[in-house]
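Heads up, the thing below is written out as structure tokens.
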Amino acid sequence: MWQALRAELAYSRPYLLGGLGLAVGVVLIVSVVFFVVGEDGPPSFAAAGIRGLFLVMAPMIVAFIAQGFRSEERRTRLLLAASLTPRQIGFAEALLPVVLFGIGILAAGLMLGAGYLLAGNLELETMNMVGFVGGQLFAYTQIGLLVQEAAAARGQRRLRASTAGWTVLVVMIVLLAAMYLALAQQTLTWSHLLLGQLIIAAIAMVATVTLFQGRTDFTR
């Protein structure tokens with residue numbers, strides 16, 4: 001499994017470095033703009049949150065790119081040729097967004113820490129912004145993997161597995177919508193929302209790996 005994960009990370013490294021480099025450039029430009037506009041710009045917590053969002057979003061966009069090209073490039077078949085089992089490859093595919101999410105949170109945390117050292121304050125609203133968007137994108141990457149496996153099961157006529165996958169998907173979307181509505185009505189806290197997003201992502205991971213193990217064709 002770790003061999004497959006390392007291979008996936010090596011494949012994604014150029015996209016990751018390019019994405020983070022671009023995000024850092026955007027953060028610098030945005031910081032200059034905020035400095036120039038001064039008090040006419042967004043509040044301090046929002047300005048810091050916006051800068052952190054770019055660094056959290058870059059690795060998650062890489063995760064979406066990896067999902068989009070995985071089937072076209074037959075990477076799964078290459079990993080199977082390296083004596084890896086479908087279960088190991090399934091876990092590696094599900095863990096790749098976890099690693100990329102961790103890199104994004106670390107990058108945003110370093111940026112927010114630097115801002116704290118320079119400005120002397122770090123507001124809770126800033127961390128809520130970064131955590132909400134980061135958790136949302138992380139959940140969506142895992143849901144994207146589940147969609148791929150549910151569709152593959154349908155194409156391979158594994159109807160029971162496909163039905164289970166789509167059912168889990170619908171339930172998770174309903175739960176996410178319910179949590180966002182509860183947040184808007186202020187009956188749910190930001191920390192509980194982030195926890196819910198992570199739980200949904202974990203459920204999607206388990207469902208994805210389970211469906212992947214039952215694959216009968218790795219060419220699509």
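Of all residues in the range 15-67, exactly one satisfies the criterion of being of a type in the set (Ser, Thr, Tyr) and within 22 Å of THR141 (Cβ to Cβ), namely TYR15.
Within the option set LEU137, LEU118, being at pLDDT below 85 and among the aliphatic types (A, V, I, L, M) holds for one residue only, LEU118.
Tell me, yes or no, whether the range 166-184 has at least one residue that is modelled with pLDDT under 90 and either out of contact with any helix residue (DSSP H, G or I) (no Cβ under 6 Å at 6 or more places or on another chain) or among the small types (Gly, Ala, Ser) (or both).
Our first condition is that a residue be modelled with pLDDT under 90; within the range 166-184, this holds for 183-184.
Restricting the remaining residues to those that are either out of contact with any helix residue (DSSP H, G or I) (no Cβ under 6 Å at 6 or more places or on another chain) or among the small types (Gly, Ala, Ser) (or both) gives 184.
Yes, some residue in the range 166-184 is modelled with pLDDT under 90 and either out of contact with any helix residue (DSSP H, G or I) (no Cβ under 6 Å at 6 or more places or on another chain) or among the small types (Gly, Ala, Ser) (or both).
The residue pairs whose first member lies in the range 165-192 and is in contact (Cβ under 8 Å) with a residue 12 or more places away in the chain and over 30 Å from ALA150 (Cα atoms), whose second member is of a type in the set (S, T, N, Q) and surrounded by 12 or more Cβ atoms within 10 Å (Cβ to Cβ), and whose beta carbons are closer than 6 Å, counting only pairs six or more residues apart or on different chains, are TRP190/ASN128.
Among the residues of the range 42-90, what is the count of those that are out of contact with any Pro (no Cβ under 9 Å at 6 or more places or on another chain) and modelled with pLDDT under 70? Number of matching residues: 12. With respect to being modelled with pLDDT of 90 or more and among the basic types (Lys, Arg), ARG154 falls outside the description.
A single member of LEU106, LEU124 is modelled with pLDDT under 90 and at negative phi, and it is LEU124.
The values are calculated or read from the model by the stated rules, or taken from the named source; none is laboratory data. All values reported here derive from a predicted model rather than from experimental measurement. Positions of Cβ are generated from backbone atoms using ideal geometry, with glycine treated the same way; all protein chains shown enter the neighbour counts.
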